[in-house]
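The structure under discussion appears below in the form of structure tokens.
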Amino acid sequence: MTILAGQLAPKFTLQDLGRKPHTLNQSGARLTLLVFFKTTCPTCMLAFPYIEKIHQAFQGGGLAVWGISQHDRERSAKFAKQYGSTFPILIDADWQVSKAYDPEFVPTLFLIDSNSCVVDQVIAFDKAGLNRLAQTIAAQLGAPAIVVAPDKDGNPVFKPG
């Protein structure tokens, strides 16, 4: 069953594209945004520029954004380059972490606080959910709120994963 807001997030360590290990809540960040995705997922492709906006807006203020790829290192690196991702992409090719969080669809985003509690979750591509997530991050970090996903930017307001 998918981990929900209010529940404890399973601890894990995964390597990024450069083989550097990342362990949940050991990065010094006040919040961590996990983005479960597949490199072949059209909805993930649509969502990644918006996730990059979140990363750019809050990266110096206490937010760590980690993409968790369900594919191998090579495909994940190509995806990250193609979609301009500057946040770490962690490799979960054996799906051990994915199984622990059990996202029903990709992309699924989990916002986790420093106590390992899931604060918020966004499933699929959901502009309202992304904007709510950005507001939650801003409030938790004491930063100005931003609109990540404007209504009339040419993309749908929702797309299932």
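The values are calculated or read from the model by the stated rules, or taken from the named source; none is laboratory data. A quick note: this is a predicted structure, and the numbers were derived from the prediction, not measured. Every residue, glycine as well, gets a Cβ built from its backbone with ideal geometry; the counts of neighbours run over all protein chains shown. Note: areas computed on protein heavy atoms with side chains; ligands, DNA, RNA excluded. Shrake-Rupley method; radii C 1.70, N 1.55, O 1.52, S 1.80 Å.
Tabulated results
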quantity: Computed magnitude of the charge dipole of region 1-144 (debye, nearest 20; Cβ of K, R +1, Cβ of D, E -1); calculated: 300 debye
quantity: Rounded percent of accessible protein surface that carbon and sulfur make up, region 8-161, 1.4 Å probe; calculated: 53 percent
quantity: Chain lengthening between Q56 and K20 when straightened (0.36 nm per residue, less Cα-Cα); calculated: 10.8 nm
quantity: Extension reserve of the R132-D153 stretch, reckoned as 0.36 nm per residue once the Cα distance is removed; calculated: 5.8 nm
quantity: Helix-derived mean residue ellipticity, 222 nm - over the chain, DSSP H n ≥ 4, -39500 (n - 2.57), to 500; calculated: -9500 deg cm²/dmol
quantity: The chain: relative contact order as a whole-number percent, Cα under 8 Å and 6+ apart; calculated: 30 percent
quantity: Å² per residue, accessible surface of region 1-147 at 1.4 Å; calculated: 44 Å²
quantity: Per-peptide average of other Cβ atoms within 10 Å, ordering 20-26, 86-92 highest first; calculated: 86-92, 20-26
quantity: Residue among G129, S76, N155 farthest towards the positive dipole end of the chain, charges placed on Cβ; calculated: S76
